[in-house]
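The values are calculated or read from the model by the stated rules, or taken from the named source; none is laboratory data. Bear in mind that the values here come from a model prediction, so they are computed numbers and not experimental data. Virtual Cβ from ideal backbone geometry, glycine too; neighbours counted across all protein chains shown.
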4 protein chains.
Amino acid sequence: MRKILQCIFLFSFIVTLDLYCFNQNSVAAQIKPLPTPGMKVDPKNTALVITDPQNDFLSPDGVAWNLVKDSVAKNHTIENIELLLKTAKVNNFKVFVSPHYYYPYDQKWRFGGAMEHSMHALKMYQRKGPLSLEGFKGSGADFLDRYKPYIEDGQTVITSPHKIYGPEANDLVLQLRKQGITSVILAGMSGNLCVESHMRELIEQGFEVSVVHDATAAAKINNLDGDIAAKINFRMIASASWSTNEIIDKMKSSHR
Amino acid sequence: MRKILQCIFLFSFIVTLDLYCFNQNSVAAQIKPLPTPGMKVDPKNTALVITDPQNDFLSPDGVAWNLVKDSVAKNHTIENIELLLKTAKVNNFKVFVSPHYYYPYDQKWRFGGAMEHSMHALKMYQRKGPLSLEGFKGSGADFLDRYKPYIEDGQTVITSPHKIYGPEANDLVLQLRKQGITSVILAGMSGNLCVESHMRELIEQGFEVSVVHDATAAAKINNLDGDIAAKINFRMIASASWSTNEIIDKMKSSHR
Amino acid sequence: MRKILQCIFLFSFIVTLDLYCFNQNSVAAQIKPLPTPGMKVDPKNTALVITDPQNDFLSPDGVAWNLVKDSVAKNHTIENIELLLKTAKVNNFKVFVSPHYYYPYDQKWRFGGAMEHSMHALKMYQRKGPLSLEGFKGSGADFLDRYKPYIEDGQTVITSPHKIYGPEANDLVLQLRKQGITSVILAGMSGNLCVESHMRELIEQGFEVSVVHDATAAAKINNLDGDIAAKINFRMIASASWSTNEIIDKMKSSHR
Amino acid sequence: MRKILQCIFLFSFIVTLDLYCFNQNSVAAQIKPLPTPGMKVDPKNTALVITDPQNDFLSPDGVAWNLVKDSVAKNHTIENIELLLKTAKVNNFKVFVSPHYYYPYDQKWRFGGAMEHSMHALKMYQRKGPLSLEGFKGSGADFLDRYKPYIEDGQTVITSPHKIYGPEANDLVLQLRKQGITSVILAGMSGNLCVESHMRELIEQGFEVSVVHDATAAAKINNLDGDIAAKINFRMIASASWSTNEIIDKMKSSHR
């Protein structure tokens, strides 16, 4: 019964969309389509930046897994992030990881937004303190085991943690600049929160930024689908919103 | 014919949503609903911040009118922004306006994202220069006439222009802090671009931020609906996502 | 012989100064003296911020000890920082520490200023990595043992490391805001570098900032005396430049 | 009489300095001299940035003239800034000016540091508002007439005003990045306030920065000499602290 209704829903959605598109064409004279600036991908000045490649989002044991698992499955997020890391290393692109950690005193913040409350309630990304690694290995705050060969190779720059969603309170911008990076390929978790806030802040700081729209995923909660928001904003704001396959091709052909 | 299909679409959408919600309840043990932290609204430390209340978006003569007019009509954006301005003034809330201007040398930037290219192609928010007001009055960069009594009363702080979408490159944060403001009621144009980037940056800077979800509007372009993205992200990220009516009630009762 | 010359030097210096001051008085009509705004000291919204209370500066084994030891001795820096920490704790002022760490990839930065080169050449503040504490305990990057009871009490907020001199690339501003702090009492190492850059950045971010001019010290190198620069700029820029004794009195009487 | 004492003072100062230097040599094993990293000067990625080239500092009618006139005379500041502007233009270096303006609501800020109070008391850099140029031409806030041919040529980027001392609250960083600038030659007014805060912030943002130590000047007030502080900090912090003649040679030979 539910399947049938979903079919009806899908069908009428497609028809409405078609009509909508048709109707749009009649005002095409007034609204020019959104441009696709694109971005040159060159290991000399382009880096891969990954946000939050951590167990709490990407492992079935993670405290936020239930929020994002559908989106992770749909996008093949786990595999795509690994493909990006591997391709970047093989083709000599610098890699920067911007992780997310919370310490006991962050739990005492006096105010915060909706998902901040959720993250603290879930005890996401918990560590004992900035100068303690007790209980860190394999915890929700740790990196996925499959990513560690790339992240812990002594070459990847692991920045200080971001504390809300963007890199405003960590050293990502400085680390990129100190390595001569002007263009960023951005991916990681989660789409409309940390990835999007990184995208927006890096653009405000004068970087050229492209996002990999299927090497990320987002929470579904209260019938809000973060992935929908992320994909709209990636396309409208970034220089390009590429699939993993598209950017991998560009990285591979960059040094020819 | 189109109306009928839209009805079918809407009906099946609602049924599917209901089923979806019902299904969600069974995993309620795993996913707690998104909290609604809310925010205290007190003129001592709370200000109204309006982004881009300018003709290019909100006047039928504006160069971006066609992109946003449907969303503006649906949200009653023009009236709601005016209601906010009026209510803030009557109830002694400080008002800050963060405008958007582009000068001739901004047209020569060497790179930019998709909507940046659109804005420059449309010649949005054009002024002759930072030290010229030639041709400014009544132009697309000027404020809506109906807002001028509130904005140009000598009390409203008009910040320097933001240059992409967020307040990173203007003095909004400093002006708020120098007046003892710690909480912000945010509205203006456009929803998923400047309003959302202001929301994100103000939160990263340690402000408590609530957004007025119907005192804003967003572009529809390439079948991307910015208003959908904005509403998802307002609700997930801010302390509250209120309607104009809700926040007006709060402002009115704040000094009792 | 050298002593005698120093006496002559000192004497003529004083005489010249007196003449200078006398001469200044005649233009007093034109130049008003520098105001002393001061700052209210209240544990509700005022915090103590200490930069770099680490062995590399403040322990005779530290790699930068020779650069600062004269200044440390003159100011009684080590004792004064401890007095501030103790007085803050006893009187319920929140304490924030902004440390300085360098990781192996920071050594590979492509460019930097003069003292940045010195710090890297000295291998100051070295740690194995952001997720390693190997060899940290008791190293030059570690806190002075005498400060640890105050810093490692589970209440002091230890921010992410700053990476050049200021807090632009760490979470100090956010941590202060999330605790409702609007005013800062600033001290630590070194005077004209990290303390002064913290002072300047916190002021730009809209904090009220006072500096404790003798709970800091600065490098002497190439006949440049950082302490001279620091004291001029503290007095000109901050809301107040207090001695340790002065601020201790204020903290003690703050909750009466 | 005063002249004679100044000679004695100067002589004993030199002797003491020599003795000091000699003494320093004996610890040369411990303290390595401060390195001079220098900086490549190339119009492709290097820009000239001038802060506050405005009448209030540099014109005898300016409200702050008395504070800086001695230092301006000693450094030949007025001529040197013009030489920099002229040389930059002739040799195709991009020029950015970061001005300082205050509007009536800035006078109502609730708190500020010492020199902030002075500036407001002097009514420095006053304009009627961000959208008014009434009374601006030739005022203390306006540029020196002799600099206008360079600043108002339609090529120089005039950023939004900075509001305290640094560029944190204006668009200088973004404008530089959007033009591909990674290295900055910095000069202007005043040495230990706006120039130094620009130097520090640009370095934190990952620019390579050199300062022109005699194309600036600083206030003398309360027997504090800002120029002394500025010169110490320029040398310690920047990649290079050059004279006007040195940097002019470098600009001239940059495109060979």
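Can you pull out every residue in the stretch A:153-170 that is farther than 20 Å from A:PRO43 by Cα and either in a helix (DSSP H, G or I) or among the charged types (D, E, K, R) (or both)?
Step one: of the stretch A:153-170, the residues farther than 20 Å from A:PRO43 by Cα are A:160-170.
Across the stretch A:153-170, the qualifying residues are A:LYS163, A:PRO167, A:GLU168, A:ALA169.
Is it fair to say B:GLY226 is more than 14 Å from chain C (Cβ to nearest Cβ), buried (at least 24 other Cβ atoms within 10 Å of the Cβ) and on the phi > 0 side of the Ramachandran plot?
no
Could you tell me whether C:PRO149 is without any contact (Cβ under 8 Å) to a residue 12 or more places away in the chain and farther than 24 Å from C:ALA219 by Cα?
yes
Scan the stretch B:142-149 and tell me whether some residue there is more than 8 Å from every other protein chain (Cβ to nearest Cβ), over 25 Å from A:LEU202 (Cβ atoms) and of a type in the set (Phe, Trp, Tyr).
yes
Does D:GLY188 satisfy the criteria of being within 22 Å of D:HIS120 (Cβ to Cβ), within 13 Å of another protein chain (Cβ to nearest Cβ) and modelled with pLDDT of 95 or more? It would help to see each step written out before you state the result.
Details: within 22 Å of D:HIS120 (Cβ to Cβ): yes; within 13 Å of another protein chain (Cβ to nearest Cβ): no; modelled with pLDDT of 95 or more: yes.
So D:GLY188 does not fit the description; no.
Conditions tested, residue by residue: (1) within 22 Å of the chain's Cα centre (by Cα); (2) more than 14 Å from chain C (Cβ to nearest Cβ); (3) touching a residue at least 40 places away in the same chain (Cβ under 8 Å).
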residue	(1), (2), (3)
B:VAL90	yes, yes, no
B:PRO99	yes, yes, yes
B:GLN107	no, yes, no
B:LEU122	yes, yes, yes
B:PRO130	no, yes, no
B:PHE136	no, yes, no
B:VAL157	yes, no, yes
B:ARG177	yes, no, no
B:ILE181	yes, no, yes
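If D:PRO43 satisfies all but one of (1) touching a His at 6+ places or on another chain (Cβ under 7 Å); (2) buried (at least 17 other Cβ atoms within 10 Å of the Cβ), what's the number of the condition it fails?
Just one mismatch for D:PRO43, condition (2).
Name the residue, out of A:ALA88, A:ALA47, that is at pLDDT 95 or above and in a helix (DSSP H, G or I).
It is A:ALA88.
Kindly evaluate D:ILE232 against the criterion of being under 14 Å from the mean Cα position of the chain (by Cα), surrounded by fewer than 23 Cβ atoms within 10 Å (Cβ to Cβ) and assigned to a helix (DSSP H, G or I).
no
Within the stretch C:203-229, track down each residue that is in contact (Cβ under 8 Å) with a residue 40 or more places away in the chain and outside any strand (DSSP E or B).
Residues satisfying the conditions are C:ALA218, C:ALA219, C:GLY226, C:ASP227.
Residues checked against (1) within 14 Å of chain A (Cβ to nearest Cβ); (2) buried (at least 18 other Cβ atoms within 10 Å of the Cβ); (3) touching a His at 6+ places or on another chain (Cβ under 7 Å); (4) in contact (Cβ under 8 Å) with a residue 24 or more places away in the chain:
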| site | (1), (2), (3), (4) |
| --- | --- |
| B:GLN54 | no, yes, yes, yes |
| B:VAL63 | yes, yes, no, yes |
| B:LEU67 | yes, yes, no, yes |
| B:ASP70 | yes, no, no, yes |
| B:ASN75 | no, yes, no, yes |
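Just the residues that are away from chain D (no Cβ under 14 Å) and either touching a residue at least 12 places away in the same chain (Cβ under 8 Å) or in a loop (DSSP other than H, G, I, E, B) (or both), please, taken from the stretch B:109-120.
As a first pass, look at the stretch B:109-120 and keep what is away from chain D (no Cβ under 14 Å): B:114-115, B:118.
Listed by number, the residues that qualify are B:MET115, B:SER118.
For the stretch C:161-174, which positions are out of contact with any Phe, Trp or Tyr (no Cβ under 6 Å at 6 or more places or on another chain) and in contact (Cβ under 8 Å) with a residue 12 or more places away in the chain?
To start, the set of residues in the stretch C:161-174 that are out of contact with any Phe, Trp or Tyr (no Cβ under 6 Å at 6 or more places or on another chain) comprises C:162-174.
C:HIS162, C:LYS163, C:ILE164, C:TYR165, C:GLY166, C:PRO167, C:GLU168, C:ASN170, C:ASP171, C:LEU172, C:VAL173 - these are the residues of the stretch C:161-174 that are out of contact with any Phe, Trp or Tyr (no Cβ under 6 Å at 6 or more places or on another chain) and in contact (Cβ under 8 Å) with a residue 12 or more places away in the chain.
Take the residues in the stretch C:182-223 that are hydroxyl-bearing (Ser, Thr, Tyr) and over 22 Å from C:LYS89 (Cβ atoms); name whichever of them is surrounded by the most Cβ atoms within 10 Å (Cβ to Cβ).
Looking at residues that are hydroxyl-bearing (Ser, Thr, Tyr) and over 22 Å from C:LYS89 (Cβ atoms), I get C:SER190.
Test A:VAL195 against the criterion of being more than 8 Å from every other protein chain (Cβ to nearest Cβ), within 30 Å of D:LEU172 (Cβ to Cβ) and within 12 Å of the chain's Cα centre (by Cα), and give yes or no. Write out each step before concluding.
Working: more than 8 Å from every other protein chain (Cβ to nearest Cβ): yes; within 30 Å of D:LEU172 (Cβ to Cβ): yes; within 12 Å of the chain's Cα centre (by Cα): yes.
Yes: the conditions hold for A:VAL195.
Pick out the one residue from C:TYR125, C:TYR150, C:TYR105 that is hydroxyl-bearing (Ser, Thr, Tyr) and touching a His at 6+ places or on another chain (Cβ under 9 Å). I'd like the intermediate steps shown before the answer.
Values: C:TYR150 fails: touching a His at 6+ places or on another chain (Cβ under 9 Å); C:TYR105 fails: touching a His at 6+ places or on another chain (Cβ under 9 Å).
Just one listed residue meets the conditions, C:TYR125.
Residue under question is A:HIS213, and the condition is that it be more than 7 Å from every other protein chain (Cβ to nearest Cβ), under 23 Å from A:TRP109 (Cα atoms) and touching a helix residue (DSSP H, G or I) at 6+ places or on another chain (Cβ under 9 Å); does it hold?
no
Has the stretch C:93-100 got at least one residue that is in contact with a Ser or Thr (Cβ under 7 Å, 6 or more places away or on another chain) and part of a loop (DSSP other than H, G, I, E, B)?
yes
Return yes or no: is B:ASN80 among the polar types (S, T, N, Q), crowded, with 20+ Cβ neighbours inside 10 Å and modelled with pLDDT of 95 or more?
Taking the combined requirement at face value, the residue satisfies it.
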